[in-house]
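A.B. asks: Take this structure first; my questions come after.
Here, each number is a calculation from the coordinates, and none is a lab measurement. None of these values were measured; they are calculated from a predicted model. Cβ atoms come from the backbone with ideal geometry, glycine included; neighbour counts cover every protein chain shown.
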């Protein structure tokens, strides 16, 4: 009897881990795909989803939209007991972490690829370890925050204000 329970737990862990790795893979593929698609055919609609320059705001979009695609694609694999508010918190937190990291790193280098991959992996690991079970605060708060950030990405991509957050870096 104990062997069956142990085997069931191992299969459950494999399924969860596979779901998170698939989410990371889909997110990375979607991010690279969006950027390459915009580079090949610049279009205003693609400009709202893909980064058009290396400003921290634009690079925040490199986390937000692809991670949203990854979560929606792999949602059924991870089971019903997970917190959707935790996904919203992870989505918002990773986007803001990407913007902040790029603000800090942009004086050293022009490329934020390593930062992007690190933020994605760390955010997904934090979600898997903590946020999938319990999210602090009201669920509606995290839903509203993620929706507002998505709207801000669309609006400020179409009409970017001036400021350091929206200005492409000029690395030495």
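A.B. asks: Can you pull the one-decimal nm distance between simple spin-label points at residue 151 and residue 114, each 7 Å off the Cα toward Cβ?
C.D. replies: 3.8 nm
A.B. asks: Order of 103, 36 from fewest to most other C-beta atoms within 10 Å?
C.D. replies: Ordered by Cβ neighbours within 10 Å, fewest first: 36, 103.
A.B. asks: For the stretch 90-139 and the stretch 60-74, compute the distance between their C-alpha centroids and round to whole Å.
C.D. replies: So the separation of the two Cα centres works out to 12 Å.
A.B. asks: Something else now. On full extension of the chain, what length is gained from residue 47 through residue 29, given 0.36 nm per residue of separation minus the C-alpha to C-alpha distance?
C.D. replies: Net length gain for the segment: 4.7 nm.
A.B. asks: Which of 139, 58 comes first, and how do the rest follow, when ranked by fewest Cβ neighbours within 10 Å?
C.D. replies: Starting with the residue having the fewest Cβ neighbours, the order is 139, 58.
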